[in-house]
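The values are calculated or read from the model by the stated rules, or taken from the named source; none is laboratory data. Keep in mind that this is a model prediction, so the values were computed, not measured. Here the Cβ positions follow ideal geometry from the backbone for every residue, glycine too, while neighbour counts run over all protein chains shown.
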Amino acid sequence: MLPNPTLDKLQALRLHGMIKALSEQHATPDINDLSFDERLGLMVDRELTEREDARLTTRLKAARLRHSACLEDIDYRSPRGLDKALILQLGSGQWLRDGLNLIIGGPTGVGKTWLACALAHKACRDGYSVRYLRLPRLMEELGLAHGDGRFAKLMAGYAKTDLLIL
């Protein structure tokens, strides 16, 4: 087993993924068949994965999406008139990298909000900051911020957001 000072140092460095990977390695009998570099690589990969997962969780939480939707869950067979090629193109995020706006239109109940949330979820996975707001809530926030002097700060926060869904 690893001496406690080393575990304490990994903990102090907040390398939680490496601690978990090391514990798993100690529990795996065949781990000694791997070289030091391979074992270290597994630990570093685990740490990186843990950090990426944490960042994604943070972005999704900050986005406050109304639906937990994913582009991969779209059923193109339903009679909603979705163009698979267009959805895949939007899913690539090029429009977001180019700084373009996207307006999703259609009658009530066809899934405009769900599709917007699915695109937002993909944007979060791609590393973009996202915020979902219903327009009445936005107007309320802006009014309150204007009244108590937070308007400039609130607007700066929205301006820094990569994808704002209204």
*Can you name the condition, by its number, that residue 51 falls short on among (1) in contact with a Leu (Cβ under 7 Å, 6 or more places away or on another chain); (2) surrounded by fewer than 16 Cβ atoms within 10 Å (Cβ to Cβ); (3) closer than 30 Å to residue 22 by Cα; (4) not hydroxyl-bearing (Ser, Thr, Tyr)?*
(1)
*Output for region 15-40, where each listed residue is closer than 29 Å to residue 127 by Cβ and either of a type in the set (Asp, Glu) or modelled with pLDDT of 95 or more (or both)*: 24, 37, 38
*Could you list, in sequence order, all residues of region 124-133 that are touching a residue at least 60 places away in the same chain (Cβ under 8 Å) and not small (Gly, Ala, Ser)?*
124, 125, 128, 130, 131, 132, 133
_Residue check for residue 46: assigned to a helix (DSSP H, G or I), among the basic types (Lys, Arg) and more than 19 Å from residue 164 (Cβ to Cβ)_ = yes
*Looking only at region 124-162, which residues are closer than 18 Å to residue 103 by Cα, under 12 Å from the mean Cα position of the chain (by Cα) and of a type outside the set (D, E, K, R)?*
130
*Of all residues in region 2-42 being among the β-branched types (Val, Ile, Thr) and assigned to a helix (DSSP H, G or I), which is surrounded by the fewest Cβ atoms within 10 Å (Cβ to Cβ)?*
6
*Give me a count of the residues in region 105-145 that are of a type in the set (S, T, N, Q) and farther than 28 Å from residue 79 by Cβ.*
1
*Being free of Cβ contacts under 8 Å to residues at least 60 places away in the same chain and among the aliphatic types (A, V, I, L, M) narrows it down to one of 54, 63, so name that one.*
54
_One residue from 91, 106 being closer than 29 Å to residue 53 by Cβ and touching a Lys or Arg at 6+ places or on another chain (Cβ under 6 Å)_ = 91
*Might you check whether a residue that is free of Cβ contacts under 8 Å to residues at least 24 places away in the same chain, assigned to a helix (DSSP H, G or I) and over 11 Å from the mean Cα position of the chain (by Cα) occurs anywhere in region 111-123?*
yes
